[in-house]
Each structure stands twice: as C-alpha cells, then as structure tokens.
Amino acid sequence: MTDEKLVLGSRQGSLGVITLNRPRAVNALNLDMMQLVDQLLTEFEADDSVTTVLMTGAGDRGLCAGGDVKSIYYEPERMPEFMGFEYTMNLRLSRYSKPLVSFMDGLVLGGGVGISAHAAYRVVTERSRVGMPETIIGFSPDVGALHILSRSPRKLGYAMALTGLHASGADALAVGLADYFVPSERLNDLAEALSKVGAAENVERCIQGFTVDAGPSRLEENADWIERAFSETTVEKIVAEVERQAAAGADDGPLVHEVLAALRHNSPTGMKVALEATRRAADQTLNLTLNQDYAVTLNSAAGHDMREGIRAQVIDKDRQPAWQPATLEEVDEASVLAFFENPESGPLELRSV
C-alpha cells in the first residue's frame, strides 16, 4: 500500500483509510497530494478486501484548509494542470464505486470541501468549520461546491458562496454539505466500527449508530432575512437589503453584521461572478459545474483580483486587498460574463457517464 509523507494509505480491517498528512499546513492540497489520493482510490477500488474507504486528515486543526494557493501564486503556469486534476478528482469522488466516507472535522475550506463534500457519507462534528472563501481572495467558489450550495434551502448556500463565511457542523447539514453529525471524540470509534462493516449496505446503519443531534444551525435561525436578501437579482441589491436588515436589527444577532462586513470587504468582481455561477449551477449536473469552475478559475487567474487576494490574505497577510475594480458599480455585466468563456488553455470537458 502507498505510504507517502504527504498522503498516507492504510487498511483497518475492511476499511481503506486515506489520510492527508500535511498537518502544519492544515493539510492544504498540492498537486502531488492529489495525485497520491487518486492512486490510493485506484488501489482501494481494486482491493476486494476493502469494502469502505475513509477520507480523513492528520493533526488536530482540520481535514483540509483548501488548495495550496501559495503554489498557485508562485507557479501560475501550473494552474491548468492543478485545477484540471483537482476537478477531475472531485468528479471521481462523487462516482466512486465503493462507499466513501469523509470526516469533515475542524477546518474544511475550499479544496477541502471538494475532497470531502462529494463523498457518499459526509460526517461533521462540533469542531467543523466549513466554507468556500474564494470571494475573499478574489474569485468564485469552485471544486463543484456550487452544485450543492445552489440547491440549499432558502438561499443559505448563496449566502455562503458570496460571503465566504465559515459554517458550523449544524450549518453544513442545513445547506447540504454534510449528512451526519458525530462528536469529534467518537470519530476513532466510528472508524473502528467501519473497519468491521462487511457489506456496503451496512455503512449508513453503522454511521447512524454514532450520530447525535447537531443542535441549532445559525444559518437556519437567520433564514428569513437571508432568503429575502439573497433572492435579490444583483449583488448591489443584496448588499442594500442586508444593510436594511442590519439597521433593523435582524434577529438581534451578530450574523447579519458579519455578512454585511464580508460583502463590503470581498472582491466586487468575485462576488458578481459567484452570483452568476451559483445561478447557473442550479440547473447543471456536477460535471458541468466543474467544467464551469475550470473556466472561471483560470480566467480569474489571468486577471487582477485573484492574485491580489492571495497576496493580501496568504502571502503578505495584510488583509487589505486593492480590488480592481474597487466597487460593485464598476463591475459591468460584460466583464462578468467573460469569466465563463473558455480559458486560453481550452475547456476541461468533463463528461457525464
């Protein structure tokens, strides 16, 4: 079995375990890691003694903090290869031939959502912080997440897509990014139980035996004003409605102010592209959304805001991006639609089977 530094493969009884093993970087994904994950998926698929596969992360900070955007920043020429491989893997995870379980404990952001939320059985905990922070760094949510978020009830997924705010385990259940809530202290026990499951049809029953009530979802508790605001037709109107709700003291809670702060801080271009991409994803299959993600992400990489956002958030960490254009009003429809055109490297063309 493959046993590499960045990704560990092991077998516990009938359970094949894939462990992202870069804990100091919260298991941020680079191309080498994704290739190792793909190799392990192939090995476990061919091993008849493995009935279930588990995706998990090393360390106590989280499953995966996303794609390694530092490598993208310093090696932009590798973007087509990186994104093409990642999105192809995301689709493979959704179609995996054996029950695939993901432990979405701790931080699960961006590419971390891509490697876990397309699994058949998605487990969150009280420590889960799940999010798509792309508009914070100048582009639009990718890894097929909009296929899920666009279908969330009451526009809750739209709010996540545009703001980049982190969701709790209960929130992740509410928006459809997860299926089960298990206390983090029971994850090892759950893995041990899964290692003794001999038939695929028993996986769900096994996980349900460890599931507890997730408690209230903050997103669900604020669904009335979120739905009202994020049903608006433009980002400008969304911001205006959130401002009205904040002034009126929506639900007397802090979330409306957090949402407003994010909408005022994030890339104007990124948010407008994200709104358009989310609307399109609502009528797309996953493979079509991933094809769209490829075009939008590579076109974003050729522009200004993505590189500037990575600089401000990850490289210099001054958290003061200089967006171009700087305001929503300056971002016209033609410039938004241009992000959906085929990138210079050509389309990805993942196909439905």
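The values are calculated or read from the model by the stated rules, or taken from the named source; none is laboratory data. No experiment lies behind these values; they were computed from the predicted model shown. Counting neighbours? That spans all protein chains shown, and the Cβs are built from the backbone with ideal geometry, glycine included. We work out accessible area using only protein heavy atoms, side chains counted, and drop any ligands, DNA or RNA first. Shrake-Rupley method; radii C 1.70, N 1.55, O 1.52, S 1.80 Å.
Overview of results
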read-out: Within region 341-353, tally of residues that are of a type in the set (Asp, Glu) and surrounded by 15 or more Cβ atoms within 10 Å (Cβ to Cβ); value: 0
read-out: Residue match in region 28-43 (condition: on the phi > 0 side of the Ramachandran plot, in a loop (DSSP other than H, G, I, E, B) and free of Cβ contacts under 8 Å to residues at least 60 places away in the same chain); value: no
read-out: Out of ALA334, ALA295, ALA338, ALA281, sole residue that is in contact (Cβ under 8 Å) with a residue 12 or more places away in the chain and open to solvent by 20 Å² or more (accessible area, probe 1.4 Å); value: ALA338
read-out: The listed residue being out of contact with any Gly (no Cβ under 7 Å at 6 or more places or on another chain) and of a type in the set (A, V, I, L, M, F, W, C), out of LEU328, LEU348, LEU286; value: LEU328
read-out: Residues satisfying the stated conditions in region 1-23, i.e. modelled with pLDDT under 95 and either within 16 Å of LEU93 (Cβ to Cβ) or part of a helix (DSSP H, G or I) (or both); value: none
read-out: 2 or more residues among the small types (Gly, Ala, Ser): qualifying helices (runs of 4 or more DSSP H) within region 85-194; value: 111-114, 156-163, 169-175, 187-194
read-out: Matching residues in region 26-52 - criterion: being out of contact with any helix residue (DSSP H, G or I) (no Cβ under 9 Å at 6 or more places or on another chain) and either open to solvent by less than 10 Å² (accessible area, probe 1.4 Å) or under 23 Å from SER128 (Cβ atoms) (or both); value: MET33, LEU40, PHE44
read-out: Top-ranked residue of region 197-220 - restricted to ones that are open to solvent by less than 40 Å² (accessible area, probe 1.4 Å) and more than 19 Å from the chain's Cα centre (by Cα), ranked as modelled with the lowest pLDDT; value: ALA199
read-out: Unique residue being at positive phi and in contact (Cβ under 8 Å) with a residue 24 or more places away in the chain when the list is GLY215, GLY253; value: GLY215
read-out: Residues satisfying the stated conditions in region 225-255, i.e. open to solvent by less than 10 Å² (accessible area, probe 1.4 Å), more than 22 Å from the chain's Cα centre (by Cα) and of a type in the set (Val, Ile, Thr); value: ILE238, VAL242
read-out: Out of LEU177, LEU165, LEU107, LEU194, sole residue that is under 30 Å from ASP305 (Cα atoms), aliphatic (A, V, I, L, M), open to solvent by less than 10 Å² (accessible area, probe 1.4 Å) and touching a residue at least 60 places away in the same chain (Cβ under 8 Å); value: LEU177
read-out: Criterion: at pLDDT below 95 and over 30 Å from ALA246 (Cβ atoms) - qualifying residue of ALA302, ALA295; value: ALA302
read-out: Residues of region 44-54 satisfying the condition of being of a type in the set (A, V, I, L, M) and assigned to a loop (DSSP other than H, G, I, E, B); value: VAL50
read-out: Considering residues of region 55-83 that are in a loop (DSSP other than H, G, I, E, B), open to solvent by less than 40 Å² (accessible area, probe 1.4 Å) and modelled with pLDDT of 95 or more only, the residue farthest from ASN30 (Cα to Cα); value: ALA58
